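Just so you know, all these numbers are worked out from the coordinates, no wet-lab data involved. Since we're looking at a predicted model, the values are computed, not measured. Here the Cβ positions follow ideal geometry from the backbone for every residue, glycine too, while neighbour counts run over all protein chains shown.
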């Protein structure tokens, strides 16, 4: 087993689907490295929504998230020849995007402007909203907006590092190992940050959750 | 909204998962893609900054940073250590003088040695060399080795001859004059000290400028003459032995005033300066002044006031 495969197994041990995903990504990456620029479009289409979602939850601003996601794709394209496959492509891409977001948030620490995306009434979201409201309530949309605002406020009260861990684990569904790979820290640090961030969020969202 | 005590409330994880449903409209992705193409093209044709090469080089050299830094630190330490050895101050050589009224030996060699500022002159070898013999005023001096009971004035006297320009010739002439083999024993024991040289230089300068002042100040260096009639016509620098009575010098009113001025002025100035510094410190540390300084700042509401 090669070193690259061992490194991949270390982060993707919990999910075989991620392993297949990483393999298909690596094939695309090799095509881009070989000169097939159009192959990078496949990677963009595959990861643009997820990357945008992570950056949006970090910044709480759709325009900033859009800019940061575009910059991350451009940087990844420019540096694609340096990608050796020691980690999954999406963790590498996330790392580029999150580093850009951290730099952006540190630069604009005093400027906070929230712009929310529309909350799509999907199954899970509907179930949660139904738990919080009466199904036939006339002010359902107002309650959804209030919930969005409260969630974003609670996330913005976290530090950047804690917000990153919560976003990647609870919203994007990455494992602790993958978050450690993206954030460049140990798995223990990830768990510690996640525990602390959840405590803070529970205190902030106490009226909406079952403690 | 239901009451907060409702048992049907979601967990924190479920509530956070609601954020997954926050997604932009499909039109947003069209705009996103067009902007991405434009920026990608701009980034491709945009010339790279000149420092990007250095950044890439530094990235490549990053793994070697620690050993290279350690080696540089070691090299710097070695250079500093060696520099410390190089900068060791060597005392300028001077020639111990024990002179008599005899013939001058090896004057040219002595002068050349002093000019080169080399190590101590091997007077014994000079004494053995063939020389020309002249009759000249001689520098009569006592050495520490010759008479260990000599005072400070006598101890510094041997080096005076180096720094008196007008006496250089005669001093060096008298330097080796008549040096006998038995007189040179113990010459190496004479201590070399830069401070002695500087003191001697200053003394010689003062001596040449105002001989009367030093005589009045009690310095045992005086112009004297040897008993020889020929040598008596030329002045020589002599250091009086301890057991010899210091030469009586007439203290004129002018000399007395000058001496008093020399002795009193530095002490007076230093005393005045010390008193001024103490007074300034006392004023600065005065409690009233500190209290007044602190009261100049006022903080009221959102305003900061300073009173002058």
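Can you tell me the length gained on complete extension of the stretch residue B:83 to residue B:57, counting 0.36 nm per residue apart and subtracting the Cα distance? Don't jump to the answer; show the numbers that get you there.
Values: separation 26, 0.36 × 26 = 9.36 nm, distance 3.32 nm.
Residue separation times 0.36 nm, minus the Cα-Cα distance, leaves 6.0 nm.
Would you please give the FRET efficiency between residue A:143 and residue A:78, computed as 1/(1 + (r/R0)^6) with r the Cβ-Cβ distance and R0 = 45 Å, to the nearest 0.05?
Efficiency, from the Cβ-Cβ distance: 0.50.
How far is it, in nm, from the label point at residue B:73 to the one at residue B:279 when both lie 7 Å from their Cα along the line to the Cβ?
Taking the simple label geometry, residue B:73 and residue B:279 are separated by 5.3 nm.
Between residue A:107 and residue B:258, with labels modelled 7 Å along Cα→Cβ, what's the label distance in nm to one decimal, could you check?
Those two pseudo-labels are separated by 7.8 nm.
Taking neighbour Cβ counts within 10 Å as the exposure measure, how do A:194, B:57 sort from fewest upward?
Values: A:194 18, B:57 10.
Result, fewest neighbours first: B:57, A:194.
Taking every residue in B:20-33, how many Cβ atoms of other protein chains lie within 10 Å of its Cβ, on average?
The mean count of partner-chain Cβ atoms within 10 Å per residue comes to 6.
Which parts of region A:146-190 would a label at residue B:28 reach, counting a residue when its backbone N lies under 15 Å from a point 7 Å out along Cα-to-Cβ?
A:148-149, A:152
Treat the count of other C-beta atoms within 10 Å as a stand-in for reagent exposure and order B:81, A:47, A:56 from fewest to most. Can you show the working numbers first?
Numbers: B:81 10, A:47 21, A:56 28.
So the residues, fewest neighbours to most, are B:81, A:47, A:56.
I'd like the mean, over residues of A:41-53, of how many other protein chain beta carbons sit within 10 Å of each residue's own Cβ.
Average per residue, whole number: 2.
Just want the ordering: B:80, A:54, A:165, from fewest to most Cβ atoms lying within 10 Å of their own Cβ. Provide the component values of the computation, followed by the final result.
Working: B:80 9, A:54 26, A:165 29.
In increasing order of surrounding Cβ atoms, one gets B:80, A:54, A:165.
For peptide B:35-43, what's the mean number of Cβ atoms from other chains within 10 Å of each residue's Cβ?
Mean partner shielding for this stretch: 4.
Compute the distance in nm between two label points, each set 7 Å from the Cα along the Cα-to-Cβ direction, one at residue A:159 and one at residue A:33.
Between residue A:159 and residue A:33, the label points sit 3.6 nm apart.
Could you calculate the contour length gain from residue B:46 to residue B:11, that is, 0.36 nm times the residue separation minus the distance between their Cα atoms, to one decimal place in nm?
Roughly 7.6 nm would be gained on extension.
If R0 is 30 Å, what FRET efficiency do you get for residue A:41 and residue A:186 from their C-beta distance, rounded to 0.05?
Between residue A:41 and residue A:186 the formula returns 0.25.
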